[in-house]
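Participant: Below: one structure in structure tokens.
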Amino acid sequence: MNVLGIIASGVAALFITVALAKSARRVALRPHVPDEPGGRAPRAEALRRTGGATAVLGVCAAAGTALWLGAADDAAGSVAGLLAGAGTVAALGLVHDLKPLWVALRLAVQTAAAVLVVCLSGLSPAAGVLAVLWIVLVTNAFALLDHVDGVLTAVGVVTAAGLLACAAIGGNLALALLPATLAAGLAGFLLHNWHPARLQLGASGAQFTGFVLAASGALIQAAAPSGRAAWAALPVLATVALADTALVLISRRRAARSPLRDTDDHIAHRLRRVRVTVPGAAVLMALWAAVPVATGTLVHAQLLHPAFLLLPLAGTAAAVFALLRVPAYAPPRPSASSPGSSRTASSRTTSSRTAPPGAFPSRTATARRTTASTAGAAIPAAASAPGGTGSASGKGASKGAARTAGGHPTVPPPPTGRPAAETATAVAERG
């Protein structure tokens, strides 16, 4: 395959993707699209979420046409296997966009597609096992980047350009077909995926992008000459995607959260929390990806020593450590009642459950008993004052006045807060 064939395939992928995405955008933004019954998400939102299928169709159409015209005769089997595996993963992602599937099922299909690519590429069994593991890991790492408008699309364009350069430097123009068409297709889709995004890649476009990048890197590395240090240069191209995955797993592990539950704890989300705009986050992620991509490409071209690969890796590790200090999870909401009242209520409940019956009298009974004793102390003091009646009559009067037929006191508690005996004595002296 020559350079003109690669350029023609990329241009075809660009125009096909732009045309399909424009049509899908018109359908998705049509105002009279009704909602689905049963309280589900509107159809327009589902169409936006499955917009990545337009990029998949554009890339597959351009690459398939090139294969049909015999543009990759020297590596037609490897490229065809890669395209078939990527198409299978994209079809599974489209089903997942419409109806969520189990994680185990998705991993199984991705593994089967990776095995297909490895078998058609002619790798040894040991290298094939490592390639399958690498493809599945990087596919899901790139798919996790699709959480903010334009992030995965921009990073995918930069990474695909790096793989295209590595394949051209190594003389494997046939293996550069899919990276070239993918870069062009994602560039065309970025026109509709930039913030505010009218279309989203979804699981279909995200998994397709990750699979093509991972499998292309594995095949280019396997076909590269031994003196180009491809074993160290090409894996560096996935630095940003792997850093985002590591950041998510570490933060969720620290917060005792499920690693499979998607929340707002990715790199772009943390950049938003430090007042970076959505387009700014996409640009920063693309520039971040460009540093290891450029370094890996120069090392692959033998223009830099492999030791220079440690620089972007060290910078990425420092950035991940700094982003871990940015809070990603909201603190728990306080309860409706105050903390003191909740603690008091809980202690009362615990005491009432553990103590025997009758150990804690009710509040009403205690108040009645206290008021009765106060009233009983006030009446005799009034009877012994000057001008009072005799002891017998005082006892009878106190008995009759202190209690009613129901047993309740008739003398109310003093309103001023002074002791009851003192108040009753003052009243008697005034009388």
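The values are calculated or read from the model by the stated rules, or taken from the named source; none is laboratory data. Everything quoted here is computed from the prediction, not taken from an experiment. Every residue, glycine as well, gets a Cβ built from its backbone with ideal geometry; the counts of neighbours run over all protein chains shown.
Participant: In this structure, does Leu145 turn out to be more than 18 Å from Gly58 (Cα to Cα), crowded, with 19+ Cβ neighbours inside 10 Å and either basic (Lys, Arg) or in contact (Cβ under 8 Å) with a residue 40 or more places away in the chain (or both)? Break it down stepwise before answering.
Facilitator: Working: more than 18 Å from Gly58 (Cα to Cα): yes; crowded, with 19+ Cβ neighbours inside 10 Å: yes; either basic (Lys, Arg) or in contact (Cβ under 8 Å) with a residue 40 or more places away in the chain (or both): yes.
In short, yes.
Participant: Which of the residues that make up the stretch 308-317 are of a type in the set (A, V, I, L, M) and under 21 Å from Asp264 (Cα atoms)?
Facilitator: Matches in the stretch 308-317: Ala317 only.
Participant: Only helices (runs of 4 or more DSSP H) wholly contained in the stretch 169-267 count here; list those with 2 or more residues that are of a type in the set (A, V, I, L, M, F, W, C), free of Cβ contacts under 8 Å to residues at least 60 places away in the same chain and surrounded by fewer than 18 Cβ atoms within 10 Å (Cβ to Cβ).
Facilitator: Values: elements: 177-193, 202-223, 230-233, 239-254.
Answer list for the stretch 169-267: none.
Participant: Here is a follow-up. Looking at the stretch 136-177 only, could you name the residues that are closer than 17 Å to Asn2 by Cα and of a type in the set (Val, Ile, Thr)?
Facilitator: The answer is Ile169, and nothing else.
Participant: Also, quick follow-up: Just wondering, is there one or more residues in the stretch 38-55 that are at pLDDT below 70, crowded, with 22+ Cβ neighbours inside 10 Å and in a loop (DSSP other than H, G, I, E, B)?
Facilitator: Within the stretch 38-55, none of the residues are at pLDDT below 70, crowded, with 22+ Cβ neighbours inside 10 Å and in a loop (DSSP other than H, G, I, E, B).
Participant: Name the residue, out of Val148, Val115, that is part of a helix (DSSP H, G or I) and either in contact with a helix residue (DSSP H, G or I) (Cβ under 9 Å, 6 or more places away or on another chain) or of a type in the set (A, V, I, L, M, F, W, C) (or both).
Facilitator: Unique residue meeting the criteria: Val115.
For (1) touching a Ser or Thr at 6+ places or on another chain (Cβ under 7 Å); (2) at pLDDT 95 or above, each residue gets a yes or a no:
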site	(1), (2)
Val158	no, yes
Ala165	yes, no
Ile169	no, no
Asn172	no, no
Leu177	yes, no
Asn193	yes, no
Gly202	yes, no
Thr209	no, yes
